[in-house]
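Structure first, then comments.
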Amino acid sequence: MAWMDIFRANKPSTAQLAKERLQVIVAHQRAGALHAPDYLPKLQKELLEVIRKYVAVGEDAVNIEVERDGDTEILELNITVPSSKN
């Protein structure tokens with residue numbers, strides 16, 4: 001099944017993907033903690049409450065990041081929900 005290795009080689013491992021995301025989060029927190037809007041923790045908490053009405057998720061299910069590009073702010077929202085079992 002060496003030909004199947006072609007497909008596996010292109011897909012990053014789950015551990016590698018988690019590591020990359022953590023690096024982005026840490027870098028963002030270090031760089032933008034002083035400039036982050038003060039409403040983000042409340043927004044994150046409220047989003048988590050709404051999501052929990054429909055799906056059982058952990059405390060770290062909602063991740064909010066704000067990026068600045070000149071005069072533009074970009075709000076990135078990542079929500080991790082458990083996969084549905086069919």
Quiz item: Can you give the FRET efficiency for residue 72 and residue 16, using 1/(1 + (r/R0)^6), R0 = 30 Å, r = Cβ-Cβ distance, to the nearest 0.05?
Solution: 0.50
Exercise. Pull up the cross-link candidates among the aspartates and glutamates for residue 45, meaning alpha carbon to alpha carbon under 15 Å and not fewer than 8 places away within one chain.
Key: 59, 60, 65
Quiz item: If ligands, DNA and RNA are left out, what is the accessible area of residue 80 with a 1.4 Å probe, given in Å² to the nearest 10?
Solution: 90 Å²
Quiz item: How much net charge surrounds residue 52 when only other residues with a Cβ under 14 Å from its Cβ are counted (Lys, Arg +1; Asp, Glu -1)?
Solution: -2
Exercise. Extending each Cα 7 Å along its Cβ direction at residue 80 and residue 59, get the distance between those two points in nm, one decimal.
Key: 1.4 nm
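The values are calculated or read from the model by the stated rules, or taken from the named source; none is laboratory data. Treat the numbers as computed from the prediction; the structure is a model and nothing was measured. Backbone-built Cβ (ideal geometry, glycine too); neighbour counts: all protein chains shown. Each accessible area value is taken on the protein alone, full model and side chains, heavy atoms only, with ligands, DNA and RNA left out. Shrake-Rupley method; radii C 1.70, N 1.55, O 1.52, S 1.80 Å.
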